[in-house]
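Student: Sharing a structure with you now.
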Amino acid sequence: MKVSDKTYSLLFAAIALIVTFDSTAFSQSTTGTVNMSATVSKFVELNSGGGVTLSGNSGGGVTTDGTVNNPLAVIVNLGELGPSNTSSFVTASVPLKVRSNAAYVLSMSATVTSTGSTANRITSADIGFGLGAISRSGVGVNASGTDTNATSGDPTLVANGSVNATTGRYNFTATRSNLSAFATSTTALSGQYIMNAVPRANTNGLTVPAIFAIKPQFFENGTSTIVATFTVTAP
């Protein structure tokens, strides 16, 4: 029997329809989601910015130097601070490195003890203090961030002290220019976030020298111990 073209057309249409039904019946599609959460906490870090510079000293020296990017744990022997030392000042410059992902506050507290018993002993007011030039440089550092130095800078500057006309004693007279202003934890430096979004392996940061200075004078003989403690926080 001869099959017509029309019959073939109907046969192919039927096969196509069966294939379509078969595909529809056996294929499927599903979806799923993964929900995640994360937190970035405020982070601040204080380390040594490098080696200590000691000048004007007679005897003494740096006992434990600063090592860049290591915890700050410096020990300095300032040497002779009596009149036999003819230097204008004995000065120790201690580099600090600060890193943060948020606004920060660098505070300091200091204690000064002396074996002397009279008003002529070395006191906290005789230890000049200030923060020097602030540097925000290097890859990954927020170079456009602003910082506020709450000290008067290098305590040896002429504007930061003078001989008292009444007592004859040299006084550090500018705002927060000596350790008596830091008997309790007091802000020395504050500013905007320091680091951009870079891995912690990036060792750059904000650097600033902490400068301590004493003018040799006819202090009461004896020994003195000076302890300065720096703390950085992210309020």
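Laboratory data are not the source of any read-out in this text; all were calculated from the coordinates shown. All of these numbers come straight from a predicted model, not from anything done at the bench. When we count neighbours, we look across all protein chains shown, and the Cβ atoms used for this are built from the backbone with ideal geometry, even at glycine.
Student: Measure nothing fancy, just the Cα-based angle from helix 5-26's long axis to the longest principal axis of the chain, in degrees from 0 to 90, nearest 10.
Tutor: So the helix axis and the longest Cα principal axis differ by about 30 degrees.
Student: Give me the one-decimal nm value for the distance between modelled label points at T115 and S185, 7 Å along each residue's Cα-to-Cβ direction.
Tutor: 3.3 nm
Student: How much net charge surrounds E45 when only other residues with a Cβ under 10 Å from its Cβ are counted (Lys, Arg +1; Asp, Glu -1)? Please list the in-between numbers first.
Tutor: Details: positive: K97, R99, R200; negative: none.
Around E45, the surrounding residues sum to +3.
Student: Quick one: if the Förster radius is 41 Å, what FRET efficiency do A133 and T33 give, using the C-beta to C-beta distance and rounding to 0.05? Don't skip to the end; give the middle numbers.
Tutor: Working: r = 53 Å, r/R0 = 1.28.
Computed FRET efficiency for A133 and T33: 0.20.
Student: Which of the listed residues, T111, A143, S29, is farthest toward the dipole's positive end in the chain, when Lys, Arg count +1 and Asp, Glu count -1 at the beta-carbon?
Tutor: S29
Student: Right, another one. Dipole of the chain, Cα-centred, from +1 at each Lys and Arg C-beta and -1 at each Asp and Glu C-beta, to the nearest 20 debye? Please list the in-between numbers first.
Tutor: Numbers: 11 positive and 9 negative charges, 73 e Å.
The dipole magnitude comes to about 360 debye.
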